[in-house]
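Here's the structure we're looking at; comments come further down.
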Amino acid sequence: MTRFMLSNNYFRPNHQKGFLPGISGCLEHNTLLSESLKDARRSERQITVCWIDLENAFGSIQHELMLFALRWYNFPPLVRDMIASYYSKLRFSIITKEGPSKV
């Protein structure tokens with residue numbers, strides 16, 4: 001999927017760092033933030049920082065909307081079907097010393 005998105009210019013590598021091979025996005029963004037704060041302090045200027053809580057961002061998306069976006073951006077049917085199947089049959093269990101849970 002990453003290869004498809006990169007080859008079709010759907011990623012903006014200057015802004016989006018997640019899941020890109022060979023790029024440590026968190027480190028890069030934290031360094032940029034740190035340098036921006038230092039620059040503001042040195043220059044005695046104000047700076048505004050906005051934190052966005054993306055907890056469970058992927059799990060909270062409407063699955064139909066995600067599938068629509070995949071169709072809109074011409075993802076191959078095999079990829080769309082695989083993702084749709086994953087979400088329609090999503091199950092999990094917790095592995096313990098006694099074996100898998102019945103969750």
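The numbered conditions (1) at pLDDT 75 or above; (2) within 26 Å of ARG80 (Cα to Cα); (3) of a type in the set (Ser, Thr, Tyr) are all true for SER36 except (2). Annotation note: of ARG45, ARG71, ARG41, the sole residue that is modelled with pLDDT of 80 or more and closer than 30 Å to SER88 by Cα is ARG71.
Can you find a residue in the range 10-28 that is under 23 Å from ARG80 (Cα atoms) and in contact (Cβ under 8 Å) with a residue 24 or more places away in the chain? Yes, the conditions are met somewhere in the range 10-28. When CYS26 is tested against (1) modelled with pLDDT under 85; (2) assigned to a loop (DSSP other than H, G, I, E, B), only condition (2) is not met.
The values are calculated or read from the model by the stated rules, or taken from the named source; none is laboratory data. Keep in mind that what you see is a predicted model, and the values were worked out from it rather than measured. Ideal geometry is used to build each Cβ from the backbone, glycine not excepted, and the neighbour counts take in all protein chains shown.
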